[in-house]
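What follows is one structure encoded as structure tokens, with my remarks underneath.
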Amino acid sequence: MRGVTLDAGALIALDRDDRRVIALLARAAETGARVTIPATALAQSIRQPAKQARLSRLIRQPTTNLAALDGPEATSVGILLAASRTTDIADAHVVICARRNGERIVTSDPHNLRRLDPAARMVVI
């Protein structure tokens, strides 16, 4: 496994003790694979960090990359939104991160992501 990019649905599933996500992240840890969390997906899923222990631990792992939405990244997101005629900034940020890193997207909602990138490789949970 090269690495995975998690969308908000995957982060919420982790928080809800979804065994599929837990197993996938355990496999990533075993192999040293990178886990990318776009900051926009984190913003959609984090509500009470003190009570979201799994998510808080994942963020602190050395193989976890928290991808910021800076100026150049925001421009890429905007261009993708215009090209796909969609409006979800967080979903577009997930796609941009996964493309840049050559990673699969872990998602509970592949339909919106397919509109952004029909060729995206996904793990649907």
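The values are calculated or read from the model by the stated rules, or taken from the named source; none is laboratory data. These numbers were taken from a predicted model, which means no experiment stands behind them. All Cβ positions, glycine included, derive from the backbone under ideal geometry; neighbour counts span all protein chains shown. Side chains are part of the model used for accessible areas, which takes the heavy atoms of the whole protein and leaves out ligands, DNA and RNA. Shrake-Rupley method; radii C 1.70, N 1.55, O 1.52, S 1.80 Å.
So Ala90 clears everything in (1) assigned to a helix (DSSP H, G or I); (2) in contact (Cβ under 8 Å) with a residue 60 or more places away in the chain; (3) farther than 14 Å from Gly9 by Cβ except one condition, right? Which one?
(3)
What are the residue pairs meeting all of these: first residue in the stretch 58-75, first residue on the phi < 0 side of the Ramachandran plot, second residue assigned to a loop (DSSP other than H, G, I, E, B), Cβ atoms under 7 Å, and 6 or more apart or on different chains?
Note: pairs meeting the criteria are Thr63/Gly32; Thr63/Ala33.
I need the full set of residues from the stretch 57-91 which are within 14 Å of the chain's Cα centre (by Cα), among the small types (Gly, Ala, Ser) and surrounded by 17 or more Cβ atoms within 10 Å (Cβ to Cβ), in order please.
Ala67, Ala90
Does Thr40 qualify as being touching a His at 6+ places or on another chain (Cβ under 6 Å) and either of a type in the set (Val, Ile, Thr) or not in a helix (DSSP H, G or I) (or both)? Explain how you work it out, then say what you get.
Working: touching a His at 6+ places or on another chain (Cβ under 6 Å): yes; either of a type in the set (Val, Ile, Thr) or not in a helix (DSSP H, G or I) (or both): yes.
When the stated conditions are applied, Thr40 passes them.
Any residue in the stretch 38-46 that is out of contact with any Phe, Trp or Tyr (no Cβ under 7 Å at 6 or more places or on another chain) and open to solvent by 60 Å² or more (accessible area, probe 1.4 Å)?
So in the stretch 38-46, the residues out of contact with any Phe, Trp or Tyr (no Cβ under 7 Å at 6 or more places or on another chain) come out as 38-46.
Subset that is open to solvent by 60 Å² or more (accessible area, probe 1.4 Å): 43-44.
Among the residues of the stretch 38-46, at least one is out of contact with any Phe, Trp or Tyr (no Cβ under 7 Å at 6 or more places or on another chain) and open to solvent by 60 Å² or more (accessible area, probe 1.4 Å), which makes the answer yes.
Quick one: is Arg115 open to solvent by 20 Å² or more (accessible area, probe 1.4 Å), among the charged types (D, E, K, R), over 20 Å from Gly3 (Cβ atoms) and outside any helix (DSSP H, G or I)?
Values: open to solvent by 20 Å² or more (accessible area, probe 1.4 Å): yes; among the charged types (D, E, K, R): yes; over 20 Å from Gly3 (Cβ atoms): yes; outside any helix (DSSP H, G or I): no.
The answer is no for Arg115.
Can you report the number of residues in the stretch 9-38 which are among the hydrophobic types (A, V, I, L, M, F, W, C) and within 16 Å of Glu103 (Cβ to Cβ)? Let's see the steps before the verdict.
Pass one, the stretch 9-38, residues among the hydrophobic types (A, V, I, L, M, F, W, C): 10-14, 21-26, 28-29, 33, 35, 37.
Filter once more, so that each one left must be within 16 Å of Glu103 (Cβ to Cβ): 10-11, 21, 24-25, 28-29, 33, 35, 37.
Number satisfying all stated conditions: 10.
Scan (1) touching a helix residue (DSSP H, G or I) at 6+ places or on another chain (Cβ under 8 Å); (2) open to solvent by less than 40 Å² (accessible area, probe 1.4 Å); (3) modelled with pLDDT of 95 or more for the single condition Ile125 breaks and write down its number.
Every condition holds for Ile125 apart from (3).
Name the pairs: first residue in the stretch 30-46 and charged (D, E, K, R), second residue not in a helix (DSSP H, G or I), Cβ to Cβ under 8 Å, at least 6 apart or on different chains?
Once the first residue is charged (D, E, K, R) and sits in the stretch 30-46, its partners that are not in a helix (DSSP H, G or I) give Arg34/Arg2; Arg34/Gly3; Arg34/Val4; Arg34/Thr63; Arg34/Thr64; Arg34/Asn65; Arg34/Glu103.
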